[in-house]
Amino acid sequence: LLAFLANHSTPRMKKPFDIMDKLTEIMAWKRKELASRIRPVSPGELSALGSKMGSENSFRNALSNSDELSVIAEIKRKSPSAGSIAENVSAVEQARTYLNADADALSVLTDQKYFGGQLEDLWEVNDFIRNHRRTIPTLRKDFMIHPIQVMEALEAGARAILLIVRALDDDELKALRE
């Protein structure tokens, strides 16, 4: 949807909440927020961490049942467009609800400023899943711009990350894809 809105050549109605302006604002903030944590991350470092995780609990496998619709449930406290959603609810309680509803995977928002999440939510949700002997995979949903965020996601137990390609420059996308 974002790619369609950004690349659509016909004029569109002016809305109070302009998605692309907000995305530009968020990405500028994320680059500033992340600046102090950036360090070189080698492909070997990511591979070594990824291989420790094994192949079970694959995000792809969790969503590949062709007999039924797969559901990725999202743990989100707020959003720039909707405002407060569930600001006072813990990520673990949201995960419990989604696990009991048989979600196939969980998406955990880790952006603090705009979505009310934090990296600790991802750690806690994955600990909860392991402690309850479940095998549901998690996705780190944030504004990914640097491999250090991929490293953090792997360390926290995520099996996937979300890349917003429209928001990345070519160098950022290349660094994240390697």
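The values are calculated or read from the model by the stated rules, or taken from the named source; none is laboratory data. This one's a predicted model, so the numbers in the text were calculated from it and none came from an experiment. Because the Cβ atoms are built from the backbone with ideal geometry, glycine has one as well, and the counts that use them run over all protein chains shown. With ligands, DNA and RNA removed, areas are computed over all heavy atoms of the protein, side chains included. Shrake-Rupley method; radii C 1.70, N 1.55, O 1.52, S 1.80 Å.
Pick out the one residue from SER107, SER79, SER84 that is polar (S, T, N, Q), in contact with a Lys or Arg (Cβ under 7 Å, 6 or more places away or on another chain) and under 26 Å from SER36 (Cα atoms). Explain how you work it out, then say what you get.
Working: SER79 fails: in contact with a Lys or Arg (Cβ under 7 Å, 6 or more places away or on another chain); SER84 fails: under 26 Å from SER36 (Cα atoms).
Checking each option against the conditions leaves just SER107.
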Q: Could you list all residues from the stretch 89-119 that are over 14 Å from GLY157 (Cα atoms), of a type outside the set (Val, Ile, Thr) and part of a helix (DSSP H, G or I)?
A: ALA91, GLU93, GLN94, ALA95, ARG96, TYR98, LEU99, ASN100, GLN112, LYS113, TYR114, PHE115
Q: Out of the residues in the stretch 37-57 that are in a loop (DSSP other than H, G, I, E, B) and open to solvent by 30 Å² or more (accessible area, probe 1.4 Å), state the one that is nearest to ASP142 (Cα to Cα).
A: ILE38
Q. Any idea how many residues of the stretch 138-149 are within 20 Å of ASN61 (Cβ to Cβ) and either of a type outside the set (Ser, Thr, Tyr) or open to solvent by 20 Å² or more (accessible area, probe 1.4 Å) (or both)?
A. 3
Q: Give the residue that is most open to solvent (accessible area, probe 1.4 Å), with candidates limited to residues of the stretch 58-67 that are in a helix (DSSP H, G or I) and of a type outside the set (Phe, Trp, Tyr).
A: ARG60
Q) So, of the residues in the stretch 113-123 that are under 19 Å from PHE59 (Cβ atoms) and open to solvent by 20 Å² or more (accessible area, probe 1.4 Å), which turns out to be farthest from the chain's Cα centre (by Cα)? A) TRP123
Q.
Going through SER70, SER79, SER107 one at a time, which residue ends up being open to solvent by 30 Å² or more (accessible area, probe 1.4 Å) and of a type in the set (Ser, Thr, Tyr)?
A. SER70
Q.
Any residue in the stretch 11-33 that is more than 18 Å from LYS113 (Cα to Cα) sitting within a Cβ distance under 9 Å of a residue that is loosely packed, with under 14 Cβ neighbours inside 10 Å and at pLDDT below 55? List the pairs, counting only those 6 or more apart or interchain.
A. ARG12/LEU5
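When you go through LEU154, LEU122, LEU163 one by one, which is the residue that is closer than 30 Å to ARG39 by Cα, in a helix (DSSP H, G or I), modelled with pLDDT under 95 and aliphatic (A, V, I, L, M)? Break it down into steps so the answer makes sense when it comes.
Working: LEU122 fails: modelled with pLDDT under 95; LEU163 fails: in a helix (DSSP H, G or I).
Unique residue meeting the criteria: LEU154.
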